[in-house]
């Protein structure tokens, strides 16, 4: 079990690194999915099988598919890779990396100060989770349902076609290298240029 | 992992990647909760993870809708393109 | 016998049987379709044309495995593997008989849901990696269709979970000793059946690969063994859903007189034939009809089913 | 039976809800059935409850039904609970029965009105609120009903809202009573603050135990509650709204502005009588207010020409009697007068409604006349109601109740001959204006022929109320007529008996003077308004007469006074002080905010990544602080 835990953790971290550094959005998404699956395995080894299943079903299965769906809807293909390449210079990583390193350092200092880091892993069954979810956290569940409802309505409204097409301010097509909107029909158009 | 997500958030100009980075961060905090819950054998950590899951789902739904809107308006996913609303 | 060895034997046995069955299904489907459409179907190679599958397999192995130059190569290769892997992994948690089961985990149903939601990636990524507008459209259709139908698929199954009080498929089967769940959970059964058909992208829900609109949908660009994997993956999916239907709602291996393995095979075959009959009988809906049907009817109905079942279970427990 | 108590307010409320929701799509007949039946059922239930109350009185003479907890904060607990004792039972019976008859009456009176179902919805809501007011076991629930009837009164006065005049009248009623209600709210706060509860019974006990006789708190609370009662019951100096409230439909006037709502003040004071017993000053104030009102309103009624306004002033005057009764400690007498007043005043209003309908909505009595033959039922209703109002000896209800009050005013230890004298003058005035009204309307030459005949739906309630106006007084016979104080005995469990003190006259002698006053008034009315009307006209035409007439006609110039005292100064102040000092706080805040904005806006670059960076930097610093601590 311990070995699986460490392997999965390493996979998760590596996949996340790759997610952050990939240029192609779909590739990045795939790495992110792999990272999530690895986290699911970590959950399983930590004694939270229910969470592992949910991680797979909802995170990897639903949220990520939504991402992929949107990527496909926008048809971000090869040209985005070029744009990303131009945007993503190694120098851009320096500042954030320093900040993040400081944060990690601080947090690990805090953790180290607070005592032992060797966890005696205890399994928590879905039964217990459900009991506390519908017991002391009932209000939280209600709030979460409100949140989801709000998100549903919000997403519907923001994404609805009716609000669209009022004004198209400053077409930046010259900068992004896109002649027109990301219509699906455009896929075939840049096919030859992308030939390997 | 949270730090990685953080870097992603700061480095990327593409809204899609930013959203992904936020997902990474949410997931990382969820991981922290679950492992803390496992450490003390409490169900609370998993409950928190469930809430994080709902937050992530809601955030993605709205975020992606906004992304579509941004793209239709600016023909770009560059978040800096949407910096017209200065105070 | 050594339990580890036994597990390995069972594992290999299931793998071989399921794969053989999946390819055999191709023959079965063609024969049955022909029967219902008043024609012969494959009847030349071997007795009753049984060896037709073998011939096709040989042909497909030796075909050129061509990857389009404009495709996104790694993803293109990855996509067909995903579906076979996820479906085969799901078979691991299915209790065929009390003895023949690879892993009896207490989150078996969730595992199935997770795997089936990962299976979406196969279709979606295949469609995207092909870099072809028909494939992309097929992939998008698949993504939205499977995302939508998976929601109430999970919800419709929860009725049985409530009645059995466990996510474990084995305990669900054992809970049906006195009554098959199809009786108290008829609505759930119908919903799961429809969702299952949609998950396997079989007619009438085969919009991701609707020939008349999208050439061959997400696998237009695929050929050779990669195409074969999609193909086999679909039949594996059919078997999986049929087995699950019989496990969840028709008592699994339980039945009088005959040994358990025979019962489960019979029930599964019945559903497979039903799937084929559906293909022969049903027209294909429009995509928007499909979506609104899913969200406006199936989801509320499954929620209703869930609520009523929960209330009844609570009331009976009092 | 007692457990059905909650149904009594609940059924009218349900009726109101039904009518409000489905009213617009409802046939008028259905609306009328719902409106009348809900009140009818509630009346029947209250009768059953009364039956049981008489035969098997609950322990301690009262019954409390706790429905659910309304609010519970720290040591402040309030329940939606109903309290029934003899006092609230009397009120409940009178309210449900009188309103039932008025509902039946209005199902014909309002026929064809486009707001028919709306009218019944308001009326039902009113009855429900009134019952909540009566049955509420704590002062806040009472206050809820109190405001509820206020709202319904507002809605009903402005019922024909297309005429702006009606809307103004409704607003006036609402705002004027609000003045009283504010005083009452302050009184409630005071009571809660000092005694720590709002439950009426425990409040009364606590007051008795904690406050000495004549304590400042009791006086203050009593005076504040009196303010509320004055507003609602249209007593001096807040009486000006009631005559204007006659803009509403006549059944409304009968129900709200005569029989029930305006007596809420009486109920409140009777309910909290312990407070007044502790505070002689407040009690004296009640008596003085009552006496002053009854005289003032009597004079105002004498010169009105609108049939409904006369009745309105008469109502004000009669409630003045009730206040007088309360003020001298003749509690039961006041309640007795409330009951008989509800009967005869509802009767008079309903009869005036018949007249008004027949006269094509003409309300000026000088344009009527000689209607005796044309409208016999209305005439007899007026005669009986008027006699009862003025107190025709021995045969009418009003005689007994008013006599009891006057005797209390004379004989009780807190009473005095002065108060009694005012009361007797009031009797004279009552008799004078009542018979003036009858003689001018029904006798003399006929100016207009009434057209419409009224149907039995309007007739039956009038006849029933006629009967009640006569026999309603026989439940309490004074000592010189055999001494059968059944009514007082019945109320004994809720209200203390009138204390007997020294009196300069015997009861019979005092009653004789009252009777004399009555006949004097009757004779004067007969002489001035029937025999020699030109004499009265010439008197009104003379210089002094005209001035007095105008003065009384405008209700002693109260509206003018209020306009000068309050409306204009406030208007002037707000006009001259447009940019007052208080605004500086807001403009200053705005200025500070503006300067803050202009400096902080530099950080608003509109770049999401900039924000994110700022967030991260902030987090880093915060965690650093935590780590260092």
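No value in this document is a laboratory result; all are computed from the given coordinates. The structure presented is a predicted model; accordingly, all values stated were derived computationally and were not measured. Reconstructed Cβ throughout: ideal geometry from the backbone, glycine too, with neighbour counts over all protein chains shown.
What does the structure give for B:29-41 when I average, per residue, the other chain Cβ atoms found within 10 Å of the residue Cβ? List each step's numbers first, then the result.
Numbers: counts 0, 5, 8, 1, 1, 10, 7, 2, 8, 13, 8, 4, 8.
Across the residues of B:29-41, the mean count of other-chain Cβ atoms within 10 Å is 6.
Give the peptides D:410-419, A:32-41, D:46-55, D:223-232 in descending order of average Cβ contacts within 10 Å, highest first. List each step's numbers first, then the result.
Numbers: D:410-419: 19.6, A:32-41: 23.8, D:46-55: 15.8, D:223-232: 26.3.
Per-residue Cβ counts within 10 Å, averaged per peptide and sorted highest first, yield D:223-232, A:32-41, D:410-419, D:46-55.
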| remark: Shape call for segment D:579-628, from the Cα gyration tensor axes a ≥ b ≥ c (a/c under 1.5 means rounded, otherwise prolate when a/b beats b/c, else oblate), comes out oblate
| said: Which of C:274, C:257, C:152 ends up with the largest GNM mean-square fluctuation for chain C, with Cα atoms connected below 10 Å? | reply: C:257
| message | Let me confirm one metric for peptide C:112-122, namely the mean number of other chain beta-carbon atoms within 10 Å of its residues' beta-carbons. | response | 5
| Out of C:75, C:238, C:123, any idea which swings most in a Gaussian network model of chain C, alpha carbons joined below 10 Å? | C:75
| note | Relative contact order of segment D:406-551 (C-alpha contacts under 8 Å, at least 6 apart) in percent is 39
| Part-to-part distance (alpha-carbon centres) for segment C:28-42 and segment D:282-313, which is given in Å | 103
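Using the 10 angstrom Cβ neighbour count as an exposure proxy, how do D:526, D:241, D:572 rank, fewest first?
Neighbour counts put them in this order, fewest first: D:572, D:526, D:241.
Sorted by packing (mean other beta-carbon atoms within 10 Å per residue), highest first, where do B:44-54, C:79-89, D:306-316, D:531-541 land?
Details: B:44-54: 22.5, C:79-89: 20.7, D:306-316: 26.3, D:531-541: 12.7.
Result, highest mean first: D:306-316, B:44-54, C:79-89, D:531-541.
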| message | Helix C:133-164 against the longest principal axis of chain C: what's the angle in degrees, Cα atoms only, rounded to the nearest 10? | response | 10
| request: Springs between alpha-carbon atoms under 10 Å, Gaussian network over chain C: tell me which of C:31, C:39, C:170 tops the mean-square fluctuations. | output: C:39
| request: Let me have the 222 nm mean residue ellipticity of chain C computed from DSSP H runs of 4+ only, each contributing -39500 (n - 2.57), with the sum over all residues rounded to the nearest 500. | output: -23000 deg cm²/dmol
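As a footprinting exposure proxy, order D:273, D:337, D:361 by other Cβ within 10 Å, with the fewest listed first.
Working: D:273 21, D:337 28, D:361 8.
Final ranking by Cβ density, sparse to dense: D:361, D:273, D:337.
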| Nearest 10 degrees, 0 to 90: what angle lies between the long axis of helix D:116-135 and the longest principal axis of chain D (Cα atoms)? | 90
| Expressed as an acute angle from 0 to 90° and rounded to the nearest 10, what is the orientation of the C-alpha long axis of helix D:376-390 relative to the principal long axis of chain D? | 80
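Exposure proxy check: A:69, D:487 ranked by fewest other beta carbons within 10 Å? Could you put the intermediate results ahead of the total?
Numbers: A:69 19, D:487 24.
Fewest-to-most ranking of A:69, D:487: A:69, D:487.
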| remark: Taking a ≥ b ≥ c as the square roots of the eigenvalues of the Cα gyration tensor, with a/c under 1.5 meaning rounded and otherwise prolate when a/b exceeds b/c and oblate if not, segment D:79-184 is oblate
| remark: Relative contact order as a percentage, chain C, C-alpha pairs under 8 Å and 6+ apart, gives 23
| Shielding by partners, peptide A:17-30 (average Cβ within 10 angstrom, other chains) | 5
| For the protein assembly as shown, alpha-carbon Rg over 2.2 N^0.38 Å | 1.35
| segment D:299-527: relative contact order in percent, alpha carbon pairs under 8 Å with at least 6 residues between | 29
| Expected 222 nm ellipticity per residue - DSSP helices of 4 or more, -39500 (n - 2.57), all of chain D, to 500 | -23000 deg cm²/dmol
